[in-house]
Amino acid sequence: MIEFDIEKTLQSVGRSRDSFALQMQTKLDGGAFVALFGRSGSGKTTLLRILAGLTKPDAGRIVVNGEVWFDAQNKIDLPPQRRSIGFMFQDYALFPNLSVRDNVGYALGPHDKAWLNELLAMTGLEDLRQRFPDSLSGGQKQRVALVRAIARKPQLLLLDEPLSALDIDMRVQLQEQLIHLQQRLGFTALMVSHDLGEVFKLAQHVLRLEHGKLAQSGTPAQVFLSARHAGKLNVRAQVLDIRREDVINVLSLLIGAEIVDVIASDDEVRNLKPGDLVTISAKAFSPLIFR
Amino acid sequence: MNADSLGSVFDWEPLWLTFKLALVTTSVLLVIGVPLAYWIAYTRTRIKPVIETLISMPLVLPPSVLGFYLLLAFSPRYAFGQWLQDWFHLQLVFSFSGLVIGSVIFSMPFMVQSVQSGFQSLPVNLLEASRTLGKSDWHTLFRVLLPNMRPALLTGAVLSFAHSIGEFGVVMMIGGNIPGVTRVASLAIFDEVESSHYAAANRYAAVLFVVSFTILFAVYLLNRRRGRAV
């Protein structure tokens with residue numbers, strides 16, 4: 001069980017120099033996979049850093065499995081070294097001077113050799129063990145960073161957009177690996193993610209942050225499939241082209257990586273121009289589903 | 001090596017002394033300059049600009065000014081020098097140890113600034129990642145930070161070494177030009193010129209020129225190759 005109740009004044013990034021308060025109180029079940037969802041600048045990364053002990057909150061308390069990690073009133077603030085955490089940084093933060101094997105084994109002692117070898121084998125890093133970070137692809141770097149973060153068998157795994165910048169195949173592969181590792185090691189995971197598919201796939205629980213406050217908390221379905229969209233298929237799309245054909249308008253839309261033509265009325269296209277972002281909504285009864 | 005083995009005209013002692021001074025100075029600077037640069041690079045103290053200014057002072061100050069104050073400080077006629085003499089039986093003025101101290105202070109900016117910018121060019125994430133992996137900052141310094149900034153360390157060491165070879169003003173003020181103790185090559189050149197021994201002066205000067213050129217050239221070559229490799 002992970003409980004925290006923290007407060008921290010943050011400077012917002014960007015042109016407006018106003019500050020806002022990160023203020024959150026919640027409990028996470030031990031062994032759960034939790035996603036942190038929200039716009040950039042809503043305090044997600046800061047929350048991870050506070051839990052890791054890399055950023056000090058102004059006030060509050062953090063208790064992990066009965067151990068107090070931070071308590072502003074009693075002046076308790078465990079340094080990151082003494083918290084049972086794994087932290088996967090957005091830019092991986094691999095040590096350039098160490099091989100893949102030494103990066104993963106960095107946190108391990110000389111007695112953990114068997115575990116290190118098992119870990120490398122389990123995550124398919126064995127062939128890369130002698131390679132250095134500079135010679136790895138983005139996907140490989142992310143895998144090494146993930147494995148390094150869990151090598152110490154932490155109680156709490158903190159992931160800052162772990163699988164961004166991966167193509168879809170690699171993403172799925174790493175997601176499977178993450179699920180497998182969590183089942184095996186039983187850590188609690190807190191993951192920042194912008195990818196809804198990923199959140200649905202990995203997380204049992206979602207915390208949605210808005211401007212430093214907890215806006216919603218629940219299962220992915222509870223948070224994202226709210227009543228007003230029930231029964232409708234909503235898709236964000238970008239307008240590529242608007243053509244007039246006979247009596248109808250044809251809109252070419254970019255949805256993800258696919259281009260789709262839809263028919264639109266005069267009213268609908270009146271204020272549209274190529275480049276606009278639109279939401280298209282369709283009835284979701286009995287669609288055809290393929291694999 | 002002494003004068004007898006190489007002919008009575010040319011005395012190798014000043015050159016040997018010069019390189020000994022440069023080597024000792026550089027070693028001392030590595031030991032104290034790296035922690036100092038680390039502290040400056042990561043500290044948030046408000047007096048940081050004051051410290052940085054003090055360390056950079058030798059870059060703009062005439063060496064004779066520094067030498068003058070060190071002379072006063074080391075002299076047993078004044079409080080600090082007296083204290084050193086009474087408590088440690090240490091006389092720094094007109095001694096090799098005194099030269100080392102003066103030289104260390106004088107070459108400090110070359111070491112500290114190179115190493116400091118080395119630290120600052122590393123991603124902060126490396127230090128933080130190491131902390132989240134349970135390692136002390138001390139461990140991180142030696143296992144991660146320093147190995148990833150070897151060019152900066154090399155540059156700092158070489159500049160300090162080369163700069164110590166070129167020392168004149170400070171050495172002149174606090175060394176006293178004692179043969180075999182504090183008479184380094186740059187002073188020997190001055191002496192030889194004063195007594196119109198241009199040939200001897202030229203030999204010292206040529207050796208210093210060639211050695212300095214070789215050292216600096218080697219560093220630029222190394223850094224260039226490293227730059228290409230990455």
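For A:THR9, indicate whether it is under 24 Å from A:GLN216 (Cα atoms), open to solvent by 30 Å² or more (accessible area, probe 1.4 Å) and either touching a residue at least 12 places away in the same chain (Cβ under 8 Å) or within 13 Å of another protein chain (Cβ to nearest Cβ) (or both). Yes: the conditions hold for A:THR9. Among the residues of region A:120-145, those that are under 13 Å from A:ARG101 (Cα atoms) and within 14 Å of chain B (Cβ to nearest Cβ) comprise A:PHE132, A:PRO133, A:LYS141, A:VAL144, A:ALA145.
Checked across region B:58-74, the condition of being within 29 Å of B:HIS163 (Cβ to Cβ), more than 14 Å from chain A (Cβ to nearest Cβ) and outside any helix (DSSP H, G or I) holds for at least one residue. Only one of the numbered conditions (1) in contact with a helix residue (DSSP H, G or I) (Cβ under 9 Å, 6 or more places away or on another chain); (2) open to solvent by 70 Å² or more (accessible area, probe 1.4 Å) is not met by A:GLU258, and that is (1).
Taking the criterion of being open to solvent by 10 Å² or more (accessible area, probe 1.4 Å) and either farther than 30 Å from A:LYS153 by Cα or of a type outside the set (Val, Ile, Thr) (or both), the residues of region B:114-126 that qualify are B:SER114, B:GLN116, B:SER117, B:GLN120, B:SER121, B:LEU122, B:PRO123, B:ASN125. Note on region B:129-151: residues that are open to solvent by less than 20 Å² (accessible area, probe 1.4 Å), assigned to a helix (DSSP H, G or I) and not hydroxyl-bearing (Ser, Thr, Tyr) amount to 5.
Rundown of residues vs (1) over 17 Å from the mean Cα position of the chain (by Cα); (2) open to solvent by less than 30 Å² (accessible area, probe 1.4 Å); (3) at pLDDT 90 or above, yes/no style:
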{"position": "B:ILE47", "(1), (2), (3)": "yes, no, yes"}
{"position": "B:THR53", "(1), (2), (3)": "yes, no, yes"}
{"position": "B:MET57", "(1), (2), (3)": "no, no, yes"}
{"position": "B:PHE68", "(1), (2), (3)": "yes, no, yes"}
{"position": "B:PRO76", "(1), (2), (3)": "yes, no, no"}
{"position": "B:GLY81", "(1), (2), (3)": "yes, yes, no"}
{"position": "B:GLN85", "(1), (2), (3)": "yes, no, no"}
{"position": "B:GLN91", "(1), (2), (3)": "yes, no, no"}
{"position": "B:VAL100", "(1), (2), (3)": "no, yes, yes"}
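Answer yes or no as to whether A:LEU125 is under 18 Å from the mean Cα position of the chain (by Cα) and on the phi < 0 side of the Ramachandran plot. So A:LEU125 does not fit the description; no. Within region B:21-37, can one find any residue that is open to solvent by less than 50 Å² (accessible area, probe 1.4 Å), within 30 Å of B:LEU127 (Cα to Cα) and not in a helix (DSSP H, G or I)? No, because not a single residue in region B:21-37 is open to solvent by less than 50 Å² (accessible area, probe 1.4 Å), within 30 Å of B:LEU127 (Cα to Cα) and not in a helix (DSSP H, G or I). Per the conditions (1) out of contact with any helix residue (DSSP H, G or I) (no Cβ under 9 Å at 6 or more places or on another chain); (2) closer than 29 Å to B:SER114 by Cα; (3) not basic (Lys, Arg), the sole criterion not satisfied by B:PRO58 is (1). The set of residues in region A:82-101 being at the interface with chain B (Cβ under 7 Å from one of its Cβ atoms) and open to solvent by 50 Å² or more (accessible area, probe 1.4 Å) consists of A:ASP91, A:PRO96. Criterion applied to A:LEU166, A:LEU157 was being among the aliphatic types (A, V, I, L, M), within 14 Å of chain B (Cβ to nearest Cβ) and either touching a residue at least 40 places away in the same chain (Cβ under 8 Å) or open to solvent by 10 Å² or more (accessible area, probe 1.4 Å) (or both), and the one residue passing it is A:LEU157. None of B:GLY118, B:GLY134 is within 14 Å of another protein chain (Cβ to nearest Cβ), touching a residue at least 40 places away in the same chain (Cβ under 8 Å) and touching a helix residue (DSSP H, G or I) at 6+ places or on another chain (Cβ under 6 Å) except B:GLY118. Counting the residues of region B:181-204 that are open to solvent by less than 40 Å² (accessible area, probe 1.4 Å) and assigned to a loop (DSSP other than H, G, I, E, B) gives 3.
The values are calculated or read from the model by the stated rules, or taken from the named source; none is laboratory data. No experiment lies behind these values; they were computed from the predicted model shown. FYI the Cβ positions are ideal-geometry reconstructions off the backbone, even for glycines, and counts take in every protein chain you see. When the accessible area is computed, the model is the full protein with side chains, heavy atoms only, and any ligands, DNA or RNA have been set aside. Shrake-Rupley method; radii C 1.70, N 1.55, O 1.52, S 1.80 Å.
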